[in-house]
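This report refers to the structure that appears directly beneath it.
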């Protein structure tokens, strides 16, 4: 089942079921009004939505309408928790190598994970609003899962069973503010201003064979100002699978339904598949020539992210964002 | 106006107005069902609740009932965002001095602040559930504010105008896991498992003269297993006021209504007023004698926190929690 949340002027939007091919939608009203309602009561509500999805996919839904990603909010516009792992160790290793540091061996067993802001996930086509390009504006293309309730101390296998939905996310990062916040040790606050989500949240079964061992085996394409800069494989180089990341987040506390757990920037070893964040490209440049040449993003730049399956079908729809200044009335 | 959220079997509970003296309550149903609804639409809903509060305080409310803090959830059981500053620099200085480190001068201008978990604020009398006392279980008595929508880049004065409510919070901390997470630089994940809230969230005007310059001038009493260990002044040693803390959180992103911003552990210079977390007592012991003598909390220990005004009246009601092991079915 594929789900989206459509703009209706409210903070949580309106839940809709979307056809597998992403062309038509049907409001879930009458079953659940919001994604949060669905996640709060998954076992009761999701079978009813699965029925609606089957009817919609069969072309028999009575009130279907054309699906328009630009009308989408994030599938879960206000989550309760957003934690983001660094499961693609190649990304971590590359960024460290560029500053002359090694990958500490404990990182093979102990995921890096930060707690971010879940109060304001942006829709797939919403502007990414930043005051200053001097802060080193960067995108990070990732996958994420949305969980059900996860008891404290759950193991990785059981945690994987708690995965309800998968999403595509763009974890915006202000690189110029990262070093100072790493030095403070209290985590990312200013440097991780927000996350945007692809239009569709999908149940793992929608991925078919591509969902294996807690990893999604998809191709993630990243375009910067229309030019393809990355075409990365999301499966093979994901060192920690999603069950391990969820279990890590639940090690000392229970997680409540609607927790979003990110994979960290998708990254493949070798560099032939390009890059899913500018920082990685710059790290490669520094390693190769001693100097970073690719600039971070400026106001007006656009980012497009999309994940496709082996048949080339878009799984989550595309994130298409423009970097924009803070609007005047907001200052 | 004083507000509480009562347990009704749902995840968000049921909003109630509570009399100034904390003895009677009245459900807000018909005006707003949940605290989140109120915060989402504050300007429209809060005047109606103020009317109800006036009627309740006048003893004229038609469906008033005795207020029972044990029936309370956190006032906002699921917030969208929890960020916690370290506004009481004495706490930071003390903990650092115990490990031979100085307070870096930039901390006078740049608040330490971490992003924590907002998905599961515990009620005032809920057990604090931790797997192992070996993790160094500690409480932290703090105040916090709940904000409305705060635009990106808002200054401290305007941010202060965005404060809707004040709360008393207990920021549980696993001290044994802090050092490793500080070293990773990605912030607190395992070491900050959750927060409990006092039963009442109150509008700033309820504090009268005690709300001045963005600081609440109250007396915060901390009891450990029934014994008073702290009787701290919350006003004078709060280096950053709440407007500054909210503005810091909004420096690179807007904050959405329902953001909770903490003060950090309340702490007074000199030590005569006792302590609001065990870590601080242990730091004083290390500074005095080279060795920490006071143990962290064990399963079965109880913590009681309460803030009173100059007349000795309880402002937020009390937090009374027991440290408990993870229940068997949850493992």
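The values are calculated or read from the model by the stated rules, or taken from the named source; none is laboratory data. Please read these numbers as outputs of a predicted model, since none were measured by experiment. Glycine gets a Cβ as well: all are built from the backbone with ideal geometry, and neighbour counts include every protein chain shown.
Would you point out the residue of segment B:55-79, among those that are away from chain A (no Cβ under 14 Å) and within 16 Å of residue B:127 (Cα to Cα), that is surrounded by the most Cβ atoms within 10 Å (Cβ to Cβ)?
Looking at residues that are away from chain A (no Cβ under 14 Å) and within 16 Å of residue B:127 (Cα to Cα), I get B:72.
Quick grid of which residues meet (1) within 12 Å of chain B (Cβ to nearest Cβ); (2) assigned to a strand (DSSP E or B); (3) over 19 Å from residue A:264 (Cβ atoms):
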residue	(1), (2), (3)
A:144	no, yes, no
A:153	yes, no, yes
A:158	yes, no, yes
A:165	no, yes, no
A:168	no, yes, no
A:172	yes, yes, no
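Can you confirm whether segment A:93-108 contains a residue that is in contact (Cβ under 8 Å) with a residue 40 or more places away in the chain, under 19 Å from the mean Cα position of the chain (by Cα) and farther than 18 Å from residue A:5 by Cβ?
no
Is at least one residue of segment B:186-201 surrounded by fewer than 22 Cβ atoms within 10 Å (Cβ to Cβ) and touching a helix residue (DSSP H, G or I) at 6+ places or on another chain (Cβ under 7 Å)? Give the steps one after another, and end with the answer.
Step one: filter segment B:186-201 for residues surrounded by fewer than 22 Cβ atoms within 10 Å (Cβ to Cβ), giving B:190.
Next, only the ones that are touching a helix residue (DSSP H, G or I) at 6+ places or on another chain (Cβ under 7 Å) stay: B:190.
So far as segment B:186-201 goes, yes, one or more of its residues are surrounded by fewer than 22 Cβ atoms within 10 Å (Cβ to Cβ) and touching a helix residue (DSSP H, G or I) at 6+ places or on another chain (Cβ under 7 Å).
Out of (1) out of contact with any helix residue (DSSP H, G or I) (no Cβ under 8 Å at 6 or more places or on another chain); (2) surrounded by fewer than 18 Cβ atoms within 10 Å (Cβ to Cβ); (3) more than 10 Å from every other protein chain (Cβ to nearest Cβ), the odd one out for residue B:180 is which?
(3)
A quick yes/no check of all residues on (1) under 23 Å from residue B:43 (Cα atoms); (2) within 14 Å of another protein chain (Cβ to nearest Cβ):
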| site | (1), (2) |
| --- | --- |
| B:195 | no, yes |
| B:201 | yes, no |
| B:219 | no, no |
| B:231 | no, no |
| B:236 | no, no |
| B:250 | yes, yes |
| B:256 | yes, yes |
| B:259 | yes, yes |
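So residue A:112 ticks every box in (1) away from chain B (no Cβ under 12 Å); (2) in contact with a strand residue (DSSP E or B) (Cβ under 8 Å, 6 or more places away or on another chain); (3) surrounded by fewer than 24 Cβ atoms within 10 Å (Cβ to Cβ); (4) within 30 Å of residue A:271 (Cα to Cα) but one. Which box is left unticked?
Answer for residue A:112: the failing condition is (1).
Assuming residue A:292 fulfils every condition listed in (1) part of a loop (DSSP other than H, G, I, E, B); (2) touching a strand residue (DSSP E or B) at 6+ places or on another chain (Cβ under 6 Å); (3) farther than 21 Å from residue A:86 by Cα apart from one, which condition is it?
(2)
Could you tell me which of the residues A:153, A:134, A:176, A:148 is touching a strand residue (DSSP E or B) at 6+ places or on another chain (Cβ under 8 Å) and touching a residue at least 24 places away in the same chain (Cβ under 8 Å)?
A:148
Kindly indicate whether residue B:92 is modelled with pLDDT under 95, under 18 Å from residue B:241 (Cα atoms) and not in a loop (DSSP other than H, G, I, E, B).
Spelling it out, residue B:92 is indeed modelled with pLDDT under 95, under 18 Å from residue B:241 (Cα atoms) and not in a loop (DSSP other than H, G, I, E, B).
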